[in-house]
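Just below is one structure, and these are the notes that go with it.
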Amino acid sequence: AAVLVWPRSPPAAQAYASTGRPRAMRAALAAGVAALVIALIATGASLTRQGLAQLYRSRAQSELSAHPAAALADANRSIDIDAQSTRTYYIKAAALARFDQAAGAERALLTALAREPNSFVTWTLLGDVAVRERRLAVAHRDYLQAHELNPRNATLTALASKRPASLAP
């Protein structure tokens, strides 16, 4: 765009242009402007994607208790845009749990765990899903892992110290 609107050299300056310096400067300026425009477009596209993913994640969070199906749809839209957000996988798991789809909730949490393997929250939620499914030994293992990652949390300390049989609700 800069090259198209750049003024042509006046006839008196054509003798100076024969050295090639003004043309080289114009070419360098045009290349710089083009690089700047491309960088701005890429940055804008990235920010738009992040903003859209956040919008769907926020909607899913607010819909979770009253409209879990809509929350699940919005969580999936957010994941389609930004698959790195563990919070979105937590929302998806919660929505699936509301439909008694423990296997789907566990898959969502395992995907979150793959993205952040040292998240005590994910391990705790996996333990909660296992308790709902009456897989108490698995729940105990998950709570122990969460406790190792966050030993100061009193709730995790209590859960990790219980025998698996005493985890049943």
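Quick notes on this structure:
- Checking every one of the GluC sites (Glu not before Pro) in segment 70-169 against DSSP loop status and a limit of 15 other Cβ atoms within 10 Å picks out Glu133.
- Residue ranges 74-86, 118-130 sort as 118-130, 74-86 when ordered by packing (mean number of other C-beta atoms within 10 Å per residue, highest first).
- Segment 136-169 and segment 73-128 have Cα centres separated by 19 Å.
- Accessible surface for Tyr90 stands near 40 Å², nearest 10, in the context of the full protein assembly shown (1.4 Å probe).
- Residue-count net charge about Glu106 - beta-carbon cut-off 12 Å; Lys, Arg +1, Asp, Glu -1: +1
The values are calculated or read from the model by the stated rules, or taken from the named source; none is laboratory data. Everything numeric here is computed off the predicted structure, so don't read it as measured data. No Cβ is skipped: glycine too gets one built from the backbone with ideal geometry, and neighbour counts run over all protein chains shown. Accessible surface areas use protein heavy atoms only, side chains included; no ligands, DNA or RNA. Shrake-Rupley method; radii C 1.70, N 1.55, O 1.52, S 1.80 Å.
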